[in-house]
Amino acid sequence: MSEIFVLAEIAGEKVAKTTFELATLGAHAGSVTAILLAPAGRGAEFAAHLNAGPIERVIVVESDEFARYGVPASAYAISQLLTSQKPSALLIASSAFGKEVAGCVAVLTDSGIITDAVDVAADLTATQIIFGGSMTVHSRVSSGISIITIRPNAITPDLKASTPEITNESIEIPPTAKLAEVLSLEPPITGGRPELTEAQIVVSGGRGTSGDFSPVEAFADVLGAAVGASRAATDAGWYPHSHQVGQTGKTVSPQLYVACGISGAIQHRAGMQTSKTIVVINKDPEAPIFELADFGVVGDLFAVLPQATEGVRARKS
Amino acid sequence: MEGGRLDRLSVDSVLNDLDEYAVEEALRIAEAHGGNGAGAPHSVTVISMGPERTVDVARKALSMGADSAIIITDDALAGSDALGTSKVLAALIAKGDFDLVICGTESTDARMSVIPAMIAMRLGWAQLTFAGSVTVDPVAKSAVIARMTESGVEKMSASFPAVISVVEKINEPRYPSFKGIMAAKKKLMEVQTLASTGIDANLVGTAGSKSTVIDAVPRPPRAAGIKVVDEGNAGTELVNFLVEKKLI
Ligand SMILES: Cc1cc2nc3c(=O)[nH]c(=O)nc-3n(C[C@H](O)[C@H](O)[C@H](O)COP(=O)(O)OP(=O)(O)OC[C@H]3O[C@@H](n4cnc5c(N)ncnc54)[C@H](O)[C@@H]3O)c2cc1C
Ligand SMILES: Nc1ncnc2c1ncn2[C@@H]1O[C@H](COP(=O)(O)O)[C@@H](O)[C@H]1O
């Protein structure tokens with residue numbers, strides 16, 4: 001049976017949820033080993049989080065240099081593991097960090113790379129959805145290790161309990177991977193909400209909010225959702241750029257996307273079109289965003305959202 | 001200091017939107033430290049790989065104020081994957097004498113966001129990617145960026161040479177002036193073929209691509225949904241819809 005490696009990313013104080021999505025897809029094609037690049041002395045603690053999903057083995061590499069030197073340090077460590085263990089594939093989450101690591105590992109191991117896949121089959125054929133959701137593409141890596149990055153939320157992870165075998169490796173990071181140094185890190189301001197690209201539900205506001213995101217945030221909070229924004233809203237300074245959804249912002253693919261006061265420009269659609277269910281609230285019945293709506297409300301978001309927020313709250317209590 | 005800049009030709013042969021930010025940033029870095037052009041301390045070179053019409057793309061960057069352009073166009077390059085593209089671009093960069101290479105964070109066509117990191121890896125240069133701001137110290141030969149990603153904002157520093165990629169929030173690209181457009185016609189544009197890089201044609205283009213597309217099919221349009229006009233209870237109807245769909 002072929003060996004599939006997945007990169008377990010650490011997000012804050014835990015292992016990123018996407019790791020279990022990667023493992024679930026990896027299990028389609030073989031037996032899954034998670035690579036965990038942890039801060040010195042904290043490998044066992046993070047490895048203990050990898051107790052769910054089809055993960056059979058965890059390789060822990062501890063070093064403070066991963067946080068200090070960013071992408072190249074991780075890429076070198078992973079490449080060394082790949083070279084010595086020769087798995088058939090490496091799956092990594094499609095974040096800015098994940099894609100860059102994948103690209104660097106592809107260079108270091110001279111392997112093909114496919115980014116932003118939403119599915120991986122038993123023969124490692126990757127499925128991508130491109131051109132703003134209008135085309136499905138199937139492709140395969142034809143040389144080297146199949147390096148595939150996977151969009152968060154593309155699948156529902158298998159979370160059955162598991163007890164993977166844990167091994168530790170020590171790897172020397174070469175000087176060429178230490179050319180750029182991280183001086184400081186400010187984590188994203190999420191206001192206690194889930195991370196945008198990982199959230200099951202995203203509620204977004206656009207120019208139609210006129211700068212008042214409070215009804216959007218209130219609805220997001222009652223649903224346990226992340227808040228997104230159109231570029232019109234981020235450009236106006238109404239919401240941080242890190243929350244922009246679209247071609248030049250984040251690509252999200254949640255179970256539910258609620259677009260409030262957003263017209264549906266092609267650049268916005270490019271970032272949300274693959275959401276499973278789409279709800280729209282817009283005053284203008286002709287707004288193009290209605291073309292995507294599973295449930296569309298022609299109405300004022302300042303009236304509809306508070307009523308819906310109350311409705312959800314009433315059901316939950 | 002020299003600022004190199006990269007651009008991938010987008011399908012409609014306009015300057016890749018996101019790369020205008022890279023040209024703009026290169027010009028601003030030069031301008032902040034004595035300027036570029038004849039007699040000035042810095043120069044900005046545009047580097048681009050693509051089909052013949054890449055020339056027009058480079059011309060636009062020259063009219064914004066870049067000093068010269070190096071273009072590589074060759075039938076053998078058609079169909080290059082990220083490995084092939086980064087190999088060729090790295091070879092062109094290595095032949096020059098650049099301190100910084102400034103890229104966009106993603107091309108509008110491929111959208112992979114991997115080329116800048118791959119070029120840095122191939123060159124053995126520092127990578128300062130996803131920059132929302134860049135500060136350069138030409139004397140110390142170093143740069144500091146604010147890397148903006150889903151993990152937050154990281155301040156990163158490195159010595160030259162470095163590959164920087166910029167996010168679109170970094171600046172407002174200038175429009176070429178009439179004077180700039182006229183001046184661009186006289187600027188040096190060097191057009192190269194693959195042979196001049198010494199790279200084996202089998203390692204690039206479709207021949208060298210390490211991934212294969214099996215098929216590409218249009219996706220069915222989304223099924224028409226429900227549309228209601230708010231008459232005072234659409235919020236409640238929305239909640240009922242979410243319950244029915246088991247979303248809450
Ligand atoms: C290179 C490039 C990249 C871009 N990248 C992105 C990107 O990543 N993401 C992105 O979003 N955009 C992007 N854009 C911008 C995009 O083209 C649109 O300009 C933008 O998405 C519009 O935002 P909007 O829908 O909020 O505003 P508008 O288009 O102005 O729409 C506002 C909508 O709100 C409705 N409305 C107003 N008041 C109310 C109310 N009280 N209740 C309900 N509805 C109301 C209106 O009917 C209207 O439909 C990009 C553009 C370019 C050129
Ligand atoms: N053919 C090319 N020529 C020049 N620069 C390129 C080319 N392809 C990609 N780039 C640069 O790399 C960035 C990221 O591209 P990508 O990894 O394809 O999303 C782009 O914004 C460009 O700055």
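To check you understand DSSP bridge types, tell me what percent of the beta bridges within region A:1-42 (both residues inside) are antiparallel, rounded to 5.
Antiparallel bridges make up about 25 percent of those DSSP assigns within region A:1-42.
Work out the mean other chain Cβ neighbour count within 10 Å for the residues of B:82-89 and drop it here as an integer.
3
What is the antiparallel percent of DSSP beta bridges lying wholly in chain B, to the nearest 5?
30
Taking a probe of 1.4 angstrom, what is the accessible area of B:M148 in Å², to the nearest 10?
Spelled out: B:M148, probe radius 1.4 Å, area about 70 Å².
Counting Lys and Arg as +1 and Asp and Glu as -1, each charge on the Cβ, what is the dipole of the protein assembly as shown about the Cα centre in debye, to the nearest 20?
For the protein assembly as shown, the charge dipole is close to 320 debye.
Assuming 1.567 mPa s and 4 °C, estimate D for region B:195-248 with Stokes-Einstein, Rh taken as the Kirkwood radius over Cα pairs, in µm²/s.
For these conditions, the coefficient is 76 µm²/s.
Work out how far the C-alpha atoms of chain B reach from end to end along every principal axis, then list the three figures in whole Å, largest first.
70, 42, 38
Any idea which of A:A96, A:A8, A:P254 is furthest toward the positive side of the dipole for chain A, if Lys and Arg beta-carbons carry +1 and Asp and Glu beta-carbons -1?
The Cα lying farthest towards the positive end belongs to A:P254.
Over all alpha-carbon pairs of region A:64-190, lay out the pair-distance distribution in 10 Å bins, whole %, shortest bin first.
11, 35, 35, 17, 1
Ballpark to the nearest 100 Å², how much total accessible area do B and A bury together, probe 1.4 Å?
6300
If you roll a 1.4 Å probe over the protein assembly as shown with all protein chains in place, what percent of the accessible area is carbon or sulfur?
The C+S portion of the solvent-accessible surface of the protein assembly as shown is 54 percent.
Determine the distance separating the Cα centre of region B:183-216 from the Cα centre of region A:38-113; give it in Å without decimals.
Going from one Cα centre to the other spans 31 Å.
Rolling a 1.4 angstrom probe over the protein heavy atoms, how many square angstrom per residue are accessible across the protein assembly as shown?
Result: 40 Å² of accessible area for each residue.
Which order do you get for B:E25, A:E13, A:E62 if you rank them by accessible area with a 1.4 Å probe, largest at the top?
Listed by decreasing accessible area, they come as A:E13, A:E62, B:E25.
Which value, in Å³ per residue, describes the convex hull spanned by the Cα atoms of region B:81-172?
Residue-normalised Cα hull volume stands at 103 Å³.
How long, wide and thick is region A:31-85, going by the Cα atoms along their three principal axes, in whole angstroms, largest first?
Here the Cα extents, ordered largest to smallest, are 30, 25, 14 Å.
Just the number, please: percent antiparallel of the DSSP beta bridges in region A:2-177, rounded to the nearest 5.
About 30 percent, rounded to the nearest 5.
What figure, in Å² to the nearest 10, do you get for the accessible area of B:R122 with a 1.4 Å probe and non-protein molecules left out?
Looks like 70 Å² after rounding.
Run through every distinct alpha carbon pair of region A:196-316 and return the Kirkwood hydrodynamic radius in angstroms, one decimal place.
Averaging 1/r across every pair of different Cα atoms and inverting gives 13.7 Å.
Taking a cut-off of 30 Å, what percent of all Cα-Cα pairs in the protein assembly as shown are separated by more than that?
The calculated P(r) of the protein assembly as shown puts 52 percent of pairs beyond 30 Å.
Sorting B:R53, B:R147 by accessible area (1.4 Å probe), largest first, what list results?
Largest to smallest exposure gives the sequence B:R53, B:R147.
Are there trypsin sites (Lys or Arg not before Pro) in region B:179-248 that DSSP marks as loop and that have at most 10 other Cβ atoms within 10 Å, and which are they?
Listed in order of number, the matching sites are B:K185, B:K186, B:K246.
For region B:8-208, build the charge dipole from Cβ charges (+1 Lys, Arg; -1 Asp, Glu) around the Cα centre, then report which of B:V23, B:G132, B:V204 sits farthest towards its positive end.
B:V23
Using the Karplus curve 6.51 cos²θ - 1.76 cosθ + 1.60 with θ = phi - 60°, what ³J(HN,Hα) values do you get for each residue of region A:228-236, in whole Hz, with x for Gly and Pro?
x, 8, 7, 5, 4, 6, 6, 4, 6
Got a sec to turn the phi values of region B:37-46 into Karplus ³J(HN,Hα) couplings, 6.51 cos²θ - 1.76 cosθ + 1.60 with θ = phi - 60°, whole Hz, x for Gly and Pro?
Each residue's phi maps through the Karplus curve to give x, 4, x, 8, x, 10, 9, 10, 10, 8 Hz.
For the residue pair A:K86 and B:D97, what label-to-label distance in nm results when each label sits 7 Å from Cα along the Cα-to-beta-carbon direction?
It is 4.6 nm.
Could you derive backbone 3J(HN,Hα) for region B:137-142 from the dihedral phi with the Karplus parameters 6.51, -1.76 and 1.60 (θ = phi - 60°), listing whole Hz in sequence and x where the residue is Gly or Pro?
10, x, 7, 6, 6, 8
The values are calculated or read from the model by the stated rules, or taken from the named source; none is laboratory data. Just so we're clear, the structure is a prediction, and the values are computed from it rather than from any experiment. Cβ atoms come from the backbone with ideal geometry, glycine included; neighbour counts cover every protein chain shown. The accessibility values were calculated without ligands, DNA or RNA, using every heavy atom of the protein model including side chains. Shrake-Rupley method; radii C 1.70, N 1.55, O 1.52, S 1.80 Å.
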